[in-house]
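One structure is given here, and the rest of the page talks about it.
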Amino acid sequence: MEQRFTEQSLIGDIVTKLPKAADLLKAHRIDFCCGGQRPLKEAIEERGLDGEELLRQLNALYNEAQHKPTRNWNEAPLDELVDHIMRTHHRYLNEELPQLSPYVTKVLRVHGMHHPHLSRVHKLFHELKTELEQHLIKEETGAFPLILQFADNPSPENREAVERAIRELVDEHDAAGDLIKEIRDITNDFTPPEDACGTYRLVYNRLAALEEDLFTHIHLENNILFPRVLAAVKA
């Protein structure tokens, strides 16, 4: 496993390179905002932590984030593709959306008076959060089981239901994509102001990571899963 971080790594740099590290550091009460410009070693000693274990967890998170699947999803069985989407992208959203929410709110509360655009970012993010949470439930409990059922039993009834479900999901993907694109526009491509604190920068970094994962997620469905299913519908 690549040892990306050491005890000499600056705490703020760790969170910049690995936004998800913020949750782990927060759990250990390590200040990555105002105290972000000191080496991790100081925080480890100050809080009496197991430095080797903390570094192991940080580097494991980093290597997991760097992992890029090489599977050819155009050729994978449909059930494997659906399982990958749920285990990778649904899991990410189910974990990230509630974790990121309090940071978005904190940045608005602390900096909103001087950065009024943060009010719009807060509103758009929570609208996106609600829509995605409902969307994931719809996929997992309705659309995906229906797609797999159709693959096993391409009856006329299943065909019509699958086409309708896919149309609805594509519309919801478009709506989610529009929301994250508007957030990108408002935040100047997720570029924080020069005087932004660590939490401010954290929010922008994690919003950028959310966009990247969301676009990959939508790509797998709109451009691979759904066309394969619709091709079977028309066969």
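The values are calculated or read from the model by the stated rules, or taken from the named source; none is laboratory data. If you're wondering where the values come from, they're calculated on a predicted model, not measured in any experiment. Neighbour counts are summed over all protein chains in view; Cβ atoms, including those assigned to glycine, are modelled from backbone coordinates with ideal geometry. Each accessible area value is taken on the protein alone, full model and side chains, heavy atoms only, with ligands, DNA and RNA left out. Shrake-Rupley method; radii C 1.70, N 1.55, O 1.52, S 1.80 Å.
Just give me the residues in the range 67-103 being more than 14 Å from the chain's Cα centre (by Cα) and either closer than 25 Å to T187 by Cβ or acidic (D, E) (or both), in sequence order. Answer for the range 67-103, where residues must be more than 14 Å from the chain's Cα centre (by Cα) and either closer than 25 Å to T187 by Cβ or acidic (D, E) (or both): E75, D79, E80, D83, P102, Y103. For the residues T199, T130, T187, the requirement of being open to solvent by 50 Å² or more (accessible area, probe 1.4 Å) and either among the hydroxyl-bearing types (S, T, Y) or in contact with a Lys or Arg (Cβ under 6 Å, 6 or more places away or on another chain) (or both) singles out T130. Scanning the range 141-164 for residues that are at pLDDT 95 or above, farther than 17 Å from P77 by Cβ and of a type in the set (A, V, I, L, M, F, W, C) returns a single hit, A143.
For the range 148-159, how many residues are surrounded by 12 or more Cβ atoms within 10 Å (Cβ to Cβ) and either within 18 Å of H89 (Cα to Cα) or without any contact (Cβ under 8 Å) to a residue 60 or more places away in the chain (or both)? Explain how you work it out, then say what you get.
Looking only at the range 148-159, we keep the residues that are surrounded by 12 or more Cβ atoms within 10 Å (Cβ to Cβ), and these are 148-151, 154, 158-159.
Now restrict to residues that are either within 18 Å of H89 (Cα to Cα) or without any contact (Cβ under 8 Å) to a residue 60 or more places away in the chain (or both): 149, 158.
Here the count works out to 2.
Limited to the range 155-167, what total is found for residues that are out of contact with any helix residue (DSSP H, G or I) (no Cβ under 8 Å at 6 or more places or on another chain) and either part of a helix (DSSP H, G or I) or of a type in the set (D, E) (or both)?
First, pick out the residues of the range 155-167 that are out of contact with any helix residue (DSSP H, G or I) (no Cβ under 8 Å at 6 or more places or on another chain): 155-157, 160, 164, 167.
Adding the requirement that they be either part of a helix (DSSP H, G or I) or of a type in the set (D, E) (or both) leaves 156-157, 160, 164, 167.
Matching residues across the range 155-167 total 5.
Does E221 satisfy the condition of being crowded, with 19+ Cβ neighbours inside 10 Å and either part of a helix (DSSP H, G or I) or in contact with an Asp or Glu (Cβ under 6 Å, 6 or more places away or on another chain) (or both)? Yes: the conditions hold for E221.
Scanning the range 183-207 for residues that are in a helix (DSSP H, G or I) and either hydroxyl-bearing (S, T, Y) or free of Cβ contacts under 8 Å to residues at least 12 places away in the same chain (or both) yields D185, T199, Y200, Y204.
Could you tell me whether L210 is at pLDDT 95 or above, part of a helix (DSSP H, G or I) and out of contact with any strand residue (DSSP E or B) (no Cβ under 7 Å at 6 or more places or on another chain)? So L210 fits the description; yes.
Do we find that P77 is modelled with pLDDT of 85 or more, over 24 Å from K106 (Cβ atoms) and in contact with a Ser or Thr (Cβ under 7 Å, 6 or more places away or on another chain) in this structure? No, not satisfied. Please enumerate the residues belonging to the range 74-103 that are in contact (Cβ under 8 Å) with a residue 24 or more places away in the chain, open to solvent by less than 30 Å² (accessible area, probe 1.4 Å) and not acidic (D, E). Of everything in the range 74-103, those that are in contact (Cβ under 8 Å) with a residue 24 or more places away in the chain, open to solvent by less than 30 Å² (accessible area, probe 1.4 Å) and not acidic (D, E) turn out to be L81, V82, H84, I85, H89, H90, L93, L97, L100, S101, Y103.
Based on this model, can you work out whether F5 counts as modelled with pLDDT of 90 or more, over 20 Å from the mean Cα position of the chain (by Cα) and surrounded by 13 or more Cβ atoms within 10 Å (Cβ to Cβ)? Please lay out each step first, then the result.
Numbers: modelled with pLDDT of 90 or more: yes; over 20 Å from the mean Cα position of the chain (by Cα): yes; surrounded by 13 or more Cβ atoms within 10 Å (Cβ to Cβ): yes.
Judged against the criteria, F5 is a match.
Taking the numbered list (1) out of contact with any Phe, Trp or Tyr (no Cβ under 8 Å at 6 or more places or on another chain); (2) open to solvent by 60 Å² or more (accessible area, probe 1.4 Å); (3) in contact (Cβ under 8 Å) with a residue 24 or more places away in the chain in turn, A65 passes all entries but (2).
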